[in-house]
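The values are calculated or read from the model by the stated rules, or taken from the named source; none is laboratory data. Everything quoted here is computed from the prediction, not taken from an experiment. Positions of Cβ are backbone-derived with ideal geometry, glycine not excepted, and every protein chain shown enters the neighbour counts.
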Ligand SMILES: C[S@@+](CC[C@H](N)C(=O)[O-])C[C@H]1O[C@@H](n2cnc3c(N)ncnc32)[C@H](O)[C@@H]1O
């Protein structure tokens, strides 16, 4: 004979303890779920149950448009009529949302007599099951209940959602789903021009999930401090004219780690597709059969002038902008074309241009550009070291040399450069005006 000893019921009695519900996630795939009530609440429940793969029956004399559309599409069954006990035949879960407490009482009583869980939309205190506020991010599902206060649950859920989407919560997997074992993936993340706050939410999230981070010198490196201690950081930082890790080796590292099943983030400064060789890295990964995601970043070409108060286009002043590398010597034809652009009010934004500024400025002037054209050089933009130097096309090389202008710097050539502010326009962390750096008067 089997005797049940000391069940929970005898130990603690039957007092209900709604503050300590038993949380559970159900796999309802293919299982019958019944929604009694065809209004907006019933429709919402039906939609969520369908998303969970349930076989949904809605019972209601009238139904809102959404229920009718789902029924017409064959996604659920709508019994157009009054509720009766046999509607619950075969049900694993019941939701009642009729708006009529007597009907909801009857549905709940019938479900209870069948030992089927019933969620009441009308009176959570008379319910034995509740639907939580839910946030999903990929395969993560977080459910919140908060003392029977739905608005409080929703507010908490939104806070969790923000934490997940911003990468503030530790999303990194420590055990991989079976389907993912064997092959990792590479995410090329544009980190913005240097300040950690200028990376996108998608970039932050990718970092929060990374097992390996392959990082450049101009990336927002402060974010590396937030990584788990066991995340591998591969520093391939390139200084100007000094490339410690060749491009092919970087690509080899990306592919190698992803083939080991790891999630790899390639963290770059600015946008990886603006003088960032991002497309080469994506192609190398794809050629090796590795899935690649690309997260765009805020490019220094636009953000650094902005941080110095320079709009690269400006109504009535500049209608076009050309972003170019200053690393290579240009031929006369190209210089002629660029000089003509400046004559039409176009802005030239030059990256990697400090060392060849004398040749560029002289070449533009030789091809007819106005020697009085304003020039601004913005070093270490969007960082506490940001410094802006202003000059003209005729004086730029000499002023830059005298002031010791160094990479990284963005050079702006065009009328808009006259709008440069001597200090950083805002402090990115406090939104307060930035500290005035010790500055020579601009020439
Ligand atoms: C190889 S390019 C990479 C550009 C990057 N992919 C982007 O979208 O900003 C490097 C050049 O970008 C510019 N640069 C990047 N970050 C900068 C910053 N914070 N301040 C000034 N210039 C910057 C400099 O001209 C530097 O030499």
Selection from the stretch 377-413 of residues that are touching a helix residue (DSSP H, G or I) at 6+ places or on another chain (Cβ under 6 Å), part of a loop (DSSP other than H, G, I, E, B) and under 20 Å from residue 303 (Cα atoms):
381, 382
Could you list, in sequence order, all residues of the stretch 130-164 that are more than 17 Å from residue 45 (Cβ to Cβ), surrounded by 17 or more Cβ atoms within 10 Å (Cβ to Cβ) and out of contact with any strand residue (DSSP E or B) (no Cβ under 6 Å at 6 or more places or on another chain)?
163
Determine whether the stretch 249-264 contains at least one residue that is within 16 Å of the ligand (Cβ to nearest atom), in a loop (DSSP other than H, G, I, E, B), exposed (fewer than 14 other Cβ atoms within 10 Å of the Cβ) and more than 19 Å from the chain's Cα centre (by Cα).
no
Scan the stretch 48-68 for residues that are farther than 15 Å from residue 34 by Cβ and outside any loop (DSSP other than H, G, I, E, B) and jot them down.
51, 65, 66, 68
Would you be able to tell me the number of residues in the stretch 148-161 that are assigned to a helix (DSSP H, G or I) and touching a helix residue (DSSP H, G or I) at 6+ places or on another chain (Cβ under 9 Å)?
1
Does the stretch 214-225 contain at least one residue that is in a strand (DSSP E or B) and either surrounded by 22 or more Cβ atoms within 10 Å (Cβ to Cβ) or not assigned by TED's automatic domain parsing to the domain that holds residue 351 (or both)?
yes
Residue list for the stretch 293-320, restricted to those being more than 28 Å from residue 342 (Cα to Cα) and within 14 Å of the ligand (Cβ to nearest atom)
294, 295, 296
Where residue 174 falls short, out of the listed (1) surrounded by 14 or more Cβ atoms within 10 Å (Cβ to Cβ); (2) without any contact (Cβ under 8 Å) to a residue 40 or more places away in the chain; (3) in a loop (DSSP other than H, G, I, E, B):
(1)
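For every residue, the table says whether it meets (1) free of Cβ contacts under 8 Å to residues at least 24 places away in the same chain; (2) more than 16 Å from the ligand (Cβ to nearest atom); (3) under 30 Å from residue 191 (Cα atoms).
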site	(1), (2), (3)
322	no, no, yes
332	no, yes, no
336	no, yes, no
346	no, yes, yes
357	no, no, yes
371	yes, yes, no
382	no, no, yes
406	no, no, yes
What's the number of the only condition in (1) more than 16 Å from the ligand (Cβ to nearest atom); (2) assigned to a loop (DSSP other than H, G, I, E, B); (3) modelled with pLDDT under 95 that residue 290 fails to meet?
(3)
Yes or no: the stretch 266-285 includes at least one residue that is at pLDDT 95 or above, exposed (fewer than 15 other Cβ atoms within 10 Å of the Cβ) and more than 16 Å from the ligand (Cβ to nearest atom).
yes
I'm trying to understand the selection: among the residues of the stretch 81-106, which are under 20 Å from residue 50 (Cβ atoms) and assigned to a helix (DSSP H, G or I)?
87, 88
Some residue of the stretch 342-354 being surrounded by fewer than 19 Cβ atoms within 10 Å (Cβ to Cβ) and closer than 27 Å to residue 237 by Cα:
no
Kindly check whether there is at least one residue in the stretch 232-241 that is part of a strand (DSSP E or B), in contact with a helix residue (DSSP H, G or I) (Cβ under 7 Å, 6 or more places away or on another chain) and closer than 19 Å to residue 189 by Cα.
yes
